[in-house]
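The values are calculated or read from the model by the stated rules, or taken from the named source; none is laboratory data. These figures come from a predicted structure and were not determined experimentally. Positions of Cβ are generated from backbone atoms using ideal geometry, with glycine treated the same way; all protein chains shown enter the neighbour counts. Just so you know, the surface numbers come from the protein's heavy atoms only, side chains and all, with ligands and any DNA or RNA stripped out. Shrake-Rupley method; radii C 1.70, N 1.55, O 1.52, S 1.80 Å.
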Amino acid sequence: MPRSIMSAAPLAALTLTALLAGCSAEPAAPADGAPPEDSAPAGHGDVSGAAQVAEPQSQLVSVDAGGNVGLLDLLTDETQELGTVGPPEAIASDGRYAFVTTADGVDIIDGGRWSWDHGDHFHYYRAEAALPGSVQGAGPVTVTGAPLATAGGTGLFFSGSGEAVLLDNEALADGEVSERFRIDTGAGEGVAAPFDTGAIVATPDGAAVRDASGAEIEPINCAEPSGAVTTRVGTVVGCADGAILVTGRIDDPRVEAIPYPEDAEARAAGFAGRKNRPTVAGLAGASGFWLLDTRDRSWSHADTEAELVDVVAADDDAGRVVALGADGRVLVFDEQGALLGSSDPLVAESLAAGDEVDLVVDTQRAYLSDPANGTVYEIDYADGARVARELTTPTSPFVATELGR
């Protein structure tokens, strides 16, 4: 995982040369569910002013209680204080951007680092970090990011005002906060989940696929919608009896129901997983989790002895699931719920205080913020939930997450 740039430089140059050479040839057929080449903007995700690099440019973004934004480079340990957003209430990320919930809506942080999923390989980019602007709305707000940071859109649903908003990711990549649509649903809860150039907007009053203008394309049957995520296969929205999966194109959406098993006792409370993987996880009550495999269109349930407050599917070769226990431990399970590793209690004080504790997983590490102690833990989840590093961010991590994925 993290290593110095100097020691990686010769390998990086060779890797980048090979990567570019491979892309100059006829591209291989994309993996199941990967963004199709004919729908992707030219340039494989590059934008003006960005440099293509050979490996992911991972960093932490931290926002203190006053809204001061800091960045910590996980490869070099370099730090940057970027500026100020509104006092934070929560944070979400699509891998490039951090969306900070404030009293007035959402403030956006552009980490300036992102990846482009090209099916059989990735392209990585690095640019200047920035604060492109804000989206007005009355919270709480749920944010659903797209698979690609420079294409499609980002969905926001403001529960306080009942507004569903779709942001234009291509404009956002150029530093402009532009709304493709804003719909007043009149509902106190719901989701806006990006799909191709449009989005799925779902509330208890109804759900539908909508195009980039907000016009309804196809109605969807989804009672009590709650939780949404984009996966390598398609867009998922949680429903009372399972989930719906939407694949295809905006002019030809394919909507599939994935019902829970007949003996299901508790529905999934949201979804979380490693970016652009087909399998995502959700809490199932206090002592267990659901895994939704969008490639197989199937659910699996695992009981756990520990009480859980968060769960993320790593969806790696070992099928690991990273969880946060109510006692502050990081727990690692297999797909059946067998415990593979456990840390000491790391964030018990933060949980007891009701602080926002953020857990995110990448290909090799998990990151867990601890606001009470001003620390972010880097966890090697493949090695028994070992704490690899205790990281000090340039601003106190009242809220924090990883960018550059």
Next on the checklist: Let me confirm something: among Glu349, Glu378, which residue is over 24 Å from Arg277 (Cα atoms) and acidic (Asp, Glu)?
Outcome noted: Glu349
Next on the checklist: Please go through (1) open to solvent by less than 20 Å² (accessible area, probe 1.4 Å); (2) out of contact with any Leu (no Cβ under 8 Å at 6 or more places or on another chain); (3) touching a residue at least 40 places away in the same chain (Cβ under 8 Å) for Glu128 and return the number of the only condition it doesn't satisfy.
Outcome noted: (1)
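Would you check which residues across segment 230-267 are outside any strand (DSSP E or B) and farther than 18 Å from Ser300 by Cα and list them?
Filtering segment 230-267 down to residues outside any strand (DSSP E or B) leaves 231-234, 240-241, 250-251, 260-267.
Across segment 230-267, the qualifying residues are Arg232, Gly234, Ile250, Asp251.
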Item to check | Options Ala240, Ala215; residue that is over 22 Å from the mean Cα position of the chain (by Cα), more than 14 Å from Ala192 (Cα to Cα) and not acidic (Asp, Glu) | outcome: Ala240
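Scan Ala31, Ala42, Ala25, Ala18 and give me the residue that is open to solvent by 20 Å² or more (accessible area, probe 1.4 Å), touching a Lys or Arg at 6+ places or on another chain (Cβ under 9 Å) and at pLDDT below 75.
Selected residue: Ala31, the only one of Ala31, Ala42, Ala25, Ala18 that is open to solvent by 20 Å² or more (accessible area, probe 1.4 Å), touching a Lys or Arg at 6+ places or on another chain (Cβ under 9 Å) and at pLDDT below 75.
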Next on the checklist: Please pick out the residue among Trp299, Trp290 that is in contact with a Leu (Cβ under 9 Å, 6 or more places away or on another chain), touching a residue at least 12 places away in the same chain (Cβ under 8 Å) and either open to solvent by 20 Å² or more (accessible area, probe 1.4 Å) or not in a strand (DSSP E or B) (or both).
Outcome noted: Trp299
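Regarding Asp205, is this residue out of contact with any strand residue (DSSP E or B) (no Cβ under 8 Å at 6 or more places or on another chain) and free of Cβ contacts under 8 Å to residues at least 24 places away in the same chain?
Values: out of contact with any strand residue (DSSP E or B) (no Cβ under 8 Å at 6 or more places or on another chain): yes; free of Cβ contacts under 8 Å to residues at least 24 places away in the same chain: yes.
Yes; evaluated as a whole, the condition is true for this residue.
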Checklist entry - Does segment 168-182 hold any residues that are closer than 19 Å to Arg113 by Cβ and either open to solvent by less than 30 Å² (accessible area, probe 1.4 Å) or touching an Asp or Glu at 6+ places or on another chain (Cβ under 7 Å) (or both), and which are they? => result Asn169, Ala171, Leu172, Ala173
Next on the checklist: Can you tell me how many residues within segment 70-89 are of a type in the set (Ser, Thr, Tyr), assigned to a strand (DSSP E or B) and surrounded by fewer than 16 Cβ atoms within 10 Å (Cβ to Cβ)?
Outcome noted: 1
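Please return the ranges of strands (runs of 3 or more DSSP E) entirely within segment 315-405 where 1 or more residues are of a type in the set (Val, Ile, Thr) and open to solvent by less than 20 Å² (accessible area, probe 1.4 Å).
On the way: elements: 321-325, 330-333, 339-342, 359-361, 366-370, 375-380, 386-391, 399-403.
Once the strands (runs of 3 or more DSSP E) in segment 315-405 are filtered for at least 1 residues that are of a type in the set (Val, Ile, Thr) and open to solvent by less than 20 Å² (accessible area, probe 1.4 Å), what remains is 321-325, 330-333, 359-361, 375-380, 399-403.
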Checklist outcome for this item: Note on segment 199-211: residues under 15 Å from Thr154 (Cα atoms) and either open to solvent by 10 Å² or more (accessible area, probe 1.4 Å) or out of contact with any Gly (no Cβ under 6 Å at 6 or more places or on another chain) (or both) are Ile200, Val201, Val209, Arg210, Asp211
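If only one of Gly186, Gly214, Gly227, Gly190 is under 21 Å from Trp299 (Cα atoms) and either open to solvent by less than 40 Å² (accessible area, probe 1.4 Å) or in contact with a Ser or Thr (Cβ under 9 Å, 6 or more places away or on another chain) (or both), which one is it?
Working: Gly186 fails: under 21 Å from Trp299 (Cα atoms); Gly214 fails: under 21 Å from Trp299 (Cα atoms); Gly190 fails: under 21 Å from Trp299 (Cα atoms).
That would be Gly227, the only listed residue that is under 21 Å from Trp299 (Cα atoms) and either open to solvent by less than 40 Å² (accessible area, probe 1.4 Å) or in contact with a Ser or Thr (Cβ under 9 Å, 6 or more places away or on another chain) (or both).
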Next on the checklist: Taking the conditions exactly as written (open to solvent by 20 Å² or more (accessible area, probe 1.4 Å) and over 18 Å from Glu335 (Cβ atoms)), does Arg267 satisfy them or not?
Outcome noted: yes
